[in-house]
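Here's the structure, in structure tokens; my notes come after.
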Amino acid sequence: MAELKFYNTLTRREEAFVPMDESHIRVYVCGPTVYDRAHIGNARSAVVYDVMARLLRHLYPHVTYVRNITDVDDKINKAAQERQIPISEVTTEVTEWYHDDMAALGNKRPDVEPRATEHINEMIAMIEALIAKNHAYAAEGHVLFAVESDANYGSLSHRTKENMIAGSRVEVAPYKRYAGDFVLWKPSKDDEPGWDSPWGYGRPGWHIECSAMSMKYLGKSFDIHGGGADLIFPHHENEIAQATCAHEDSEYAHYWVHNGFLTVNGEKMSKSLGNFITVRDLLDKGIKGEVIRYALLSTQYRKPLDWSDKLLDDAQKAMDGFYRRIDGAKCGEISAAFIEALCDDLNVPKATAMLHTANPADLLAMGKMLGLFEQDARAWFKGEQGDVDNADDWIDAKIAERIVAKKARDFAASDRIRDELKADGIVLEDRPDGTTDWRKT
């Protein structure tokens, strides 16, 4: 078996992956906060860890992949107020949107998808343990983690406490003993979601949610924790602090894997810049989910990815070429070199380079390993997923439309239809008596 290696953010070096238990690999990834449509940055993370899970399942007999749903958060409260609908309606609807959009990109659902609101008791228990061990304190309806009580705080982000405060938005509050202390529990107003607790009616802080849910399903220590690079501090730093201070025998996650940032045409994606792109925006424009997926995998996961029209165009051309080659192929073998590339810290670009030279059968097998080629080739070139039986009828209809255009001497329309079909891998065979046949390139 090829040696699997990951860049471990905790140690800042690439390391051979040594499972805690080779018969059961355990992975936790931070999932979405369900207040709005998933953007392409969210999608990059989902695709990266979907490929990781596929690789781990190829290498090991049993994998448990947990990805949470954050369904209690101030952003959700704000969205509900703006839309004037109940909070539960927002979280239910947006969760369904997320599932649909991620499925359109070829992502498989995680084995376990815990929701924060269903694990309040576990969070309260962890907070009580932190208070009992003098790592947290209650103040004015809040409970805060005492950062100065944890000698290892900062081990993931490799920052000093002073730099953490200077480089982040720290809430200034008179009830804090130290400016860097962060919220484990906070009071809720009557119109906000809340639960009864030893500290009054309130709700959990964001960080405690992931610590409690990951440990419930994966144990006090597990193999891999993943997420976007933007979560290293403070979210993942705080997760480690909570978990290891509540349970002295916990090592929490052994390997910390983070995907890089995504920009749009060289700029940070934001609504104010008008370059905020959701997965649904792209799908609604007719861009296929597999094209988006291929584009998201075009750069090694730890490196920045710059999104552009050219990136999508290149992905479309590549996928069209692959589908032409696999038309009618039976699934073949996944080469050892392909697996070795993926085992080299998920070097997907190196692996996808092999797709261009593989025979059709092996191309199909290796592409499926990456979550690609889930359609019939005829459906792909028709441009409508799932409607395979009528693909030939669609091409014939386009040919008939072109014949009408040529009879009307509308040569611009005739050429446009020909070029449209050619772009989908369909070459028309014109004869003196007209267009009578077509073939795939």
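Can you tell me which residues in the stretch 212-235 are of a type outside the set (S, T, N, Q), assigned to a helix (DSSP H, G or I) and open to solvent by less than 10 Å² (accessible area, probe 1.4 Å)?
Once the filter is applied, which keeps residues that are of a type outside the set (S, T, N, Q), assigned to a helix (DSSP H, G or I) and open to solvent by less than 10 Å² (accessible area, probe 1.4 Å), the stretch 212-235 yields Ala212, Met213, Leu218, His235.
Within the stretch 178-191, which residues are in a loop (DSSP other than H, G, I, E, B), in contact with a strand residue (DSSP E or B) (Cβ under 7 Å, 6 or more places away or on another chain) and surrounded by fewer than 21 Cβ atoms within 10 Å (Cβ to Cβ)?
Within the stretch 178-191, Ser188 is the sole residue that qualifies.
Note down all Cβ pairs under 7 Å where the first residue falls in the stretch 389-416 and is farther than 13 Å from Leu428 by Cα, the second is modelled with pLDDT of 85 or more and polar (S, T, N, Q), and they're at least six residues apart or on different chains.
Ala405/Ser414; Lys406/Ser414
What do you reckon, is Ala365 touching a Cys at 6+ places or on another chain (Cβ under 7 Å) and either under 18 Å from Asp50 (Cβ atoms) or assigned to a helix (DSSP H, G or I) (or both)?
So Ala365 passes the test.
Only residues that are farther than 19 Å from Gly106 by Cα, in a helix (DSSP H, G or I) and open to solvent by less than 10 Å² (accessible area, probe 1.4 Å): list them for the stretch 289-331, please.
Residues satisfying the conditions do not exist here.
Per-residue answers, yes or no, for (1) modelled with pLDDT of 95 or more; (2) part of a helix (DSSP H, G or I); (3) open to solvent by 30 Å² or more (accessible area, probe 1.4 Å); (4) more than 30 Å from His158 (Cα to Cα):
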site	(1), (2), (3), (4)
Ser197	yes, no, no, yes
Cys210	yes, yes, no, no
Glu237	yes, yes, no, no
Ile240	yes, yes, no, no
Ala243	yes, yes, no, no
His258	yes, no, no, no
Thr263	yes, no, yes, no
Ser272	no, yes, yes, yes
Ile287	yes, no, yes, yes
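Which of (1) open to solvent by 40 Å² or more (accessible area, probe 1.4 Å); (2) closer than 21 Å to Ala243 by Cα; (3) touching a residue at least 60 places away in the same chain (Cβ under 8 Å); (4) not charged (D, E, K, R) is the odd one out, the single condition Thr11 does not satisfy?
(3)
A quick yes/no check of all residues on (1) in contact with a Cys (Cβ under 7 Å, 6 or more places away or on another chain); (2) surrounded by 20 or more Cβ atoms within 10 Å (Cβ to Cβ); (3) part of a helix (DSSP H, G or I):
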| position | (1), (2), (3) |
| --- | --- |
| Glu89 | no, no, yes |
| Thr92 | no, no, yes |
| Tyr98 | no, yes, yes |
| Ala103 | no, no, yes |
| Arg109 | no, no, no |
| Thr117 | no, no, yes |
| Met126 | no, yes, yes |
| Ala129 | no, no, yes |
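From the list Ile127, Ile76, which residue is touching a residue at least 40 places away in the same chain (Cβ under 8 Å) and closer than 30 Å to Pro19 by Cα?
Ile127
The values are calculated or read from the model by the stated rules, or taken from the named source; none is laboratory data. Since the structure is predicted, the reported quantities are computational estimates derived from the model, not experimental observations. Because the Cβ atoms are built from the backbone with ideal geometry, glycine has one as well, and the counts that use them run over all protein chains shown. Surface areas here come from the heavy atoms of the whole protein model, side chains and all, with no ligands, DNA or RNA. Shrake-Rupley method; radii C 1.70, N 1.55, O 1.52, S 1.80 Å.
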